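Written below as structure tokens is the structure these notes are about.
The values are calculated or read from the model by the stated rules, or taken from the named source; none is laboratory data. Computed from a predicted structure; not experimentally measured. In this analysis, Cβ positions are derived from the backbone assuming ideal geometry, glycine residues included, and neighbour counts consider all displayed protein chains.
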Amino acid sequence: MSSPPPLAGGTEGPGALRPLLDTVLDALRDGATARGGPLPAGGPHTVTTRLRALAGDPLPDHGTGPDTALRTLVHALAEGAADPAEPLCAAHLHCPPLALATAADLAASALNPSMDSWDQAPAASALEALVTDALAHEVYGDTPGTDRPRHPAALVTTGGTEANQLALLLAREAHAGGGPVQLVTGAGAHHSLPRAAWLLGLPEPVTVPAPTGTLDPAALDEALTDLPGPKLVAATAGTTDAGLIDPLDEIADLCDRHGARLHIDAAYGAGLLFSPTRRTHLTGLDRAATVTLDLHKLGWQPVAAGLLAVRDTTDLDALTHQADYLNADDDTEAGLPDLLGRSLRTTRRPDILKIAVTLKALGRTGLGALVDQVCDQAQEFADTIDAHPGFDLYDTPTLSTVLFRPHGAPDAHIAHIRRTLLTQGRAVLGRAHLDGKLWLKATLLNPHTQSGDLAQLLKLVEGSTPR
Ligand SMILES: *Cc1c(COP(=O)(O)O)cnc(C)c1O
């Protein structure tokens, strides 16, 4: 029998990886060149047919060997990608990852620490504790507790969805015995919040109107006055559709007044923490019991890089869990860190490594500059649209989302423009229904995008507008 394929780790791993990485990097470059734009042209049928032709038999009796498999499949994926590194790929909160973060992620794959027990991740678990503490401090600062010093903490999640689920779970457990927790959100809240309520067996959420795109405090006040029992208000710092930030401080006051717990979903907006000029938009963030962050949005990480921050480590006690093979009492007493209470998952990737490398490499200033770059760009793009007689602008952007529509176009035309550009492989724009109208959505997350790219985007939209 021939010897088994080489491994990624150990002293031999890097030597085995190097030629394979050359193959991967060449295939990435050639695939992107073959695509020649933000996404492949032709739509789903064409892309699927091409992918199937390139990929061939997915499970052959006899394998092709690593070189062919890597070259073929990486090329196919790159050629058929909607690549957020392309300036005109700007629909979703789908960021182009930084090369340095992706390089760090390779090391995570090579070493493969699993974050469910210390004996699988000795340094990785220490790094996770160090970096999540630093990020939790970034959210909560050093605000001392009333009776004792606080130690903010954060858990690593697969994204905002999992972080929101954990936030609802912690709220449910904090009120255990006090009756079911009633979730109250603004109309612009993320769909993962009502879904989490459903998952956790909580009552149907109450939705408070958000007539201007953000949660209306007067309507929230009224809703909280009417509701009996424990309440969790979920505010949003950076709505997915429009990038708007709810009046966090005012909402926190109302929560205090009505004895409601506050969660802030800052999956998009938390990036502003790094911007010295825009950080003030997040005033009140530290008053939430839990905060969702998502560094695969305004943090330029490859997926996944979510976090849930809590005000004090003890707020996570509800997640305490035991499995003898991972955290036996005598091991924990002997000083082996207990990691099971840091997630609902068991086996877990060390997503903290790429985050740690990025924070260290760029520092607060470097990350803040990236955040400011894309937000400034959105402002400039919005100004251009506002000054253009052929387009309507939804609102001045708070973050990096710009909603616009050709003046007077019916909704059906908006949807048609988006699909035409997708099918032609020319641009990836999103859509959002607000103010009773359908809007085109550009979510600007690429710090390399130039004004000329966005001017070209407007031309493409004009050219695809039915007359
Ligand atoms: C993106 C987003 C989420 C969900 O995050 P995932 O990482 O996609 O799970 C939650 N809330 C808001 C406000 C978001 O923008």
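The set of residues from region 449-467 being under 15 Å from Glu380 (Cβ atoms), of a type outside the set (A, V, I, L, M) and surrounded by 12 or more Cβ atoms within 10 Å (Cβ to Cβ) comprises Thr449, Asp453, Gln456. Can Leu326 be described as more than 20 Å from Pro122 (Cβ to Cβ), surrounded by 12 or more Cβ atoms within 10 Å (Cβ to Cβ) and either in the same structural domain as Leu293 (by TED's automatic domain parsing) or at pLDDT below 95 (or both)? No; evaluated as a whole, the condition is false for this residue.
Collect the residues in region 157-208 that are of a type in the set (A, V, I, L, M) and within 12 Å of the ligand (Cβ to nearest atom), keeping them in residue-number order. Matches in region 157-208: Ala163, Leu166, Ala167, Ala189, Leu193, Ala196. Comparison of Leu399, Leu444 shows that the only residue that is in contact with a Ser or Thr (Cβ under 6 Å, 6 or more places away or on another chain) and aliphatic (A, V, I, L, M) is Leu444.
Considered as a group, the residues in region 196-212 that are without any contact (Cβ under 8 Å) to a residue 24 or more places away in the chain and not β-branched (Val, Ile, Thr) include one that is surrounded by the most Cβ atoms within 10 Å (Cβ to Cβ), and that residue is Pro205. Residues in region 40-68 that are surrounded by 15 or more Cβ atoms within 10 Å (Cβ to Cβ) and free of Cβ contacts under 8 Å to residues at least 40 places away in the same chain were compared, and the one that is nearest to Leu460 (Cα to Cα) is Val47.
Considering Asp383, Asp338, Asp330, Asp372, the condition of being part of a loop (DSSP other than H, G, I, E, B) and of a type in the set (Asp, Glu) is satisfied by Asp338 alone.
Screening Gln322 with (1) without any contact (Cβ under 8 Å) to a residue 60 or more places away in the chain; (2) part of a helix (DSSP H, G or I) gives one miss only, at (2).
Scan region 385-404 and tell me whether some residue there is touching a helix residue (DSSP H, G or I) at 6+ places or on another chain (Cβ under 7 Å), closer than 18 Å to Tyr268 by Cβ and among the small types (Gly, Ala, Ser). The answer is yes; a qualifying residue exists.
Could you say which residue among Gly335, Gly299 is free of Cβ contacts under 8 Å to residues at least 40 places away in the same chain and either closer than 19 Å to Met115 by Cα or among the small types (Gly, Ala, Ser) (or both)?
Values: Gly299 fails: free of Cβ contacts under 8 Å to residues at least 40 places away in the same chain.
Going through Gly335, Gly299 in turn, the sole match is Gly335.
For region 41-60, state whether one or more residues are under 30 Å from Val371 (Cβ atoms) and not in a helix (DSSP H, G or I). No; the residues of region 41-60 include none that is under 30 Å from Val371 (Cβ atoms) and not in a helix (DSSP H, G or I). The set of residues in region 115-125 being surrounded by fewer than 18 Cβ atoms within 10 Å (Cβ to Cβ) and closer than 13 Å to Arg348 by Cβ consists of Gln120 alone.
Residue-level analysis places Ala78 among those that are outside the structural domain of Asp453 (by TED's automatic domain parsing), surrounded by 15 or more Cβ atoms within 10 Å (Cβ to Cβ), in contact with a helix residue (DSSP H, G or I) (Cβ under 7 Å, 6 or more places away or on another chain) and under 16 Å from Ala32 (Cβ atoms). Screening Ala235 against (1) surrounded by 23 or more Cβ atoms within 10 Å (Cβ to Cβ); (2) away from the ligand (no atom under 16 Å from the Cβ) leaves a single unmet condition, (2). Within the set Thr313, Thr290, the sole residue that is among the polar types (S, T, N, Q) and surrounded by fewer than 17 Cβ atoms within 10 Å (Cβ to Cβ) turns out to be Thr313. Put simply, of Ala260, Ala252 the only residue that is closer than 13 Å to Ala171 by Cβ, more than 16 Å from the ligand (Cβ to nearest atom), among the small types (Gly, Ala, Ser) and surrounded by 17 or more Cβ atoms within 10 Å (Cβ to Cβ) is Ala260.
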